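The values are calculated or read from the model by the stated rules, or taken from the named source; none is laboratory data. A quick note: this is a predicted structure, and the numbers were derived from the prediction, not measured. When we count neighbours, we look across all protein chains shown, and the Cβ atoms used for this are built from the backbone with ideal geometry, even at glycine. Just so you know, the surface numbers come from the protein's heavy atoms only, side chains and all, with ligands and any DNA or RNA stripped out. Shrake-Rupley method; radii C 1.70, N 1.55, O 1.52, S 1.80 Å.
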Amino acid sequence: MRCRSYLFFFQLILLTTILMHRSKFALLSFSLLIPLSTSLGQDIESMGRSLVNEYLMSTSGEERENIVKTLDRLQFRFDQMKNWVTVSAHYAPHQPGLHRELVSVGEKKGEYFVYLPSSYDISRPWPIVLALHGVGGSGYGQVMSWLKSSAHNDEFIFVAPTYGSGLWWNEEPERLVLSVLDKVKQDYHVDTNRVYMTGFSSGGHGVWYFAIRYPSLFAAINPIAAECPLPYLLENLEHVPVYIIHGSRDTVIPVEAARDASARLEKLNYKVVYKEFSELKHQFPVNAIAKALDWFRMHKRTLYPKRIKYFTESTGYSLAYWTEITGFSELVGQVSGARRDISGRLVRPQGFSEIAVVEVEIKEDGNEVCMTTNGVKTVRLFLEEELIDMERPLRVTINGKTIYFEKVSRSVQAILDTVKRRNDREALFSAYLDLSVPSE
């Protein structure tokens, strides 16, 4: 036992060197030192957590590859690996209250404001409300609009970026919002299953836009006095509950826009609440947001839906939950460069109107994934025990043809790669399959 303790002590010293200096040579040496039947389970636990966090923080592909090799030499169960992912993060303490922050967006810096509740601490995850301002507004003003109501009960982290024009459905502000969300997840202990989005006026347009483009990010949304810029893609919101607020006397964004979006979602049998206020003009409804917050409290993200519909007219948007389009048809690629009008809608050139579609459903009795596609050449499926029985052969059919029928192999690489790519320690996938859509 004394020899084993000395060995573990030496391994910890070497691991500390790795974490401090990120030495490729030390990491390779460390992987050789770990025997296949290493010391106590507690030792494996501490090593595993440290290595997992180092992987998720690393910016070097070669370094990450060496960490995976080291982890592969440890004896652990996959449920242990998942636990290491969720508990290995380290967050610096922050003072409660309102903070102005900056984030890198390419070569520029973007401004955003973060409000931390008075009881904020890093020991538990916190729900987050991401708020977008309207034309002429600011992140500061949008946060303060929400804090005016005591209905938030000081239980949410509020985050609001500032973008000059407030037109959020273009490439630059899109990068800003995604960069802010990524940075906030790194800096604060965010519950990624309770990320909510709200926005006023053109900020509400942005809420529709981001939820349609990235449905797997959000637990629920609240567009206020807004119009959906992509109404023909609303089918993407099957698992994103929507709470719409609009004023009947709004002369800036006609109320018909909100009525139309609500009617489309109701026709799809999606979860939507529409609140229209007869005396409300184009203004932030301070007295109405308590109900929107209650809507947020009622919902958590659907992380592993058994059915997915994802529609996209652009090759720049490809991921929804556990399905990713990795290859598009040529027509969809042409559409991605089409001109947009002021509301963000595509103005398609004649003859190039194809929309890529993936509809996929899991049949649990047969351990089967059934998929239909249009405008798609190749796909990747991210898989987890909550979706399929990984101890049995999985059948995958695409457009009526069986293209896969065997057991799926779990891998450390799959878990860590997907967590790092999504910057989401709750979205765990133990395996993935790359598949080609069969020709007609």
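Specify the residue with the greatest mean-square fluctuation among Glu45, Glu279, Glu227, computed from a Gaussian network of the chain linking alpha-carbon atoms under 10 Å apart.
Evaluated over the chain, the most mobile residue of the options is Glu279.
Give me the distance in nm between label points sitting 7 Å out from Cα along the Cα-to-Cβ direction at Val286 and Thr402, one decimal.
Simple spin-label model gives 6.5 nm for this pair.
With no solvent and one equal point scatterer placed on each C-alpha of the chain, evaluate the Debye formula and give log10 I(q)/I(0) for q = 0.09, 0.13 Å⁻¹, two decimals.
For the chain, the Cα-only Debye profile gives -0.65, -1.23.
Report the accessible area of Asp43, computed with a 1.4 Å probe over the heavy atoms of all protein chains in place, in Å² rounded to the nearest 10.
Near enough 20 Å² of accessible area.
Using only helices, what value at 222 nm comes out for the chain when you add -39,500 (n - 2.57) per DSSP H run of length 4 or more and divide by the total residues, to the nearest 500 deg cm²/dmol?
Computed ellipticity for the chain at 222 nm equals -10500 deg cm²/dmol.
Which entries in Lys363/Lys420; Lys185/Lys363; Lys267/Lys306; Lys185/Lys275; Lys271/Lys291; Lys275/Lys309 show an alpha-carbon gap greater than 23 Å? All intermediate terms of the calculation are to be shown ahead of the outcome.
Working: Lys363/Lys420 29 Å; Lys185/Lys363 34 Å; Lys267/Lys306 21 Å; Lys185/Lys275 31 Å; Lys271/Lys291 15 Å; Lys275/Lys309 26 Å.
As for pairs spanning more than 23 Å Cα to Cα, those are Lys363/Lys420; Lys185/Lys363; Lys185/Lys275; Lys275/Lys309.
Counting only residues 5 or more places away or on other chains, whose amide H sits under 5 Å from the amide H of Val273 once H atoms are built in the peptide plane?
Distant-sequence amide H within range of Val273: Val242, Tyr243, Ile244.
Rounded to the nearest 0.05, what FRET efficiency is calculated for Thr372 and Met144 with R0 set to 41 Å and r the Cβ-Cβ distance?
0.30
At Gln413 and Phe277, where each label point lies 7 Å from the Cα along Cα→Cβ, what is the point-to-point distance in nanometres?
5.4
Rounded to the nearest percent, how much of the accessible area of the chain (1.4 Å probe, protein heavy atoms only) is carbon and sulfur?
Carbon with sulfur: 51 percent of the solvent-accessible area.
For His94 and Lys363 in the same chain, what is the full-extension length gain: residue separation times 0.36 nm, less their Cα-Cα distance, in nm?
Working: separation 269, 0.36 × 269 = 96.84 nm, distance 4.57 nm.
Here the segment from His94 to Lys363 would lengthen by 92.3 nm.
Going Cα to Cα from Lys148, which aspartates and glutamates come in below 18 Å? Please leave out same-chain ones fewer than 8 positions away.
Asp294
On average, how much accessible surface per residue is there in region 99-151, in Å², for a 1.4 Å probe, leaving out ligands, DNA and RNA?
Heavy-atom accessible area per residue stands at 46 Å².
Might you report the magnitude of the Cβ-based charge dipole of the chain about its Cα centre, with Lys and Arg at +1 and Asp and Glu at -1, to the nearest 20 debye? Write out the running numbers ahead of the final one.
Values: 50 positive and 51 negative charges, 104 e Å.
The calculated dipole for the chain is roughly 500 debye.
Antiparallel DSSP bridges in the chain: what percent, to the nearest 5?
65
Counting only heavy atoms of protein chains, what accessible area per residue, in Å², does region 239-330 have with a probe of 1.4 Å? Display every interim value, and only then the final one.
Numbers: 4280 Å² over 92 residues.
Result: 46 Å² of accessible area for each residue.
Tell me the label-point distance for the pair Glu330, Gln80, using the 7 Å Cα-to-Cβ offset, in nm and rounded to one decimal.
About 5.3 nm separates the two model spin labels.
Indicate the gyration tensor shape class of region 281-334 (rounded, prolate or oblate), computed on the Cα atoms with a ≥ b ≥ c the square roots of the eigenvalues: a/c under 1.5 is rounded; otherwise a/b larger than b/c is prolate and the rest oblate.
oblate
Going from most exposed to least, what order do Phe296, Phe284 have by accessible area with a 1.4 Å probe?
Phe284, Phe296
Counting only protein chains, not ligands or nucleic acids, how are Arg213, Arg421 ordered by accessible area (probe 1.4 Å), most first?
Arg421, Arg213
So if the hydrodynamic radius of region 95-219 is defined as the Kirkwood radius over C-alpha pairs, what does Stokes-Einstein give as its diffusion coefficient at 10 °C and 1.306 mPa s, in µm² per second? Don't jump to the answer; show the numbers that get you there.
Numbers: Rh = 14.4 Å.
Diffusion coefficient, whole number: 111 µm²/s.
Convert each backbone phi in region 241-252 into a coupling constant with the Karplus relation 6.51 cos²θ - 1.76 cosθ + 1.60 (shift: θ = phi - 60°), then list the ³J(HN,Hα) values in order as whole Hz, x for Gly and Pro.
x, 10, 10, 9, 10, 8, x, 5, 9, 6, 9, 8
Rank these by accessible area, largest first, 1.4 Å probe: Thr70, Thr373.
Thr373, Thr70
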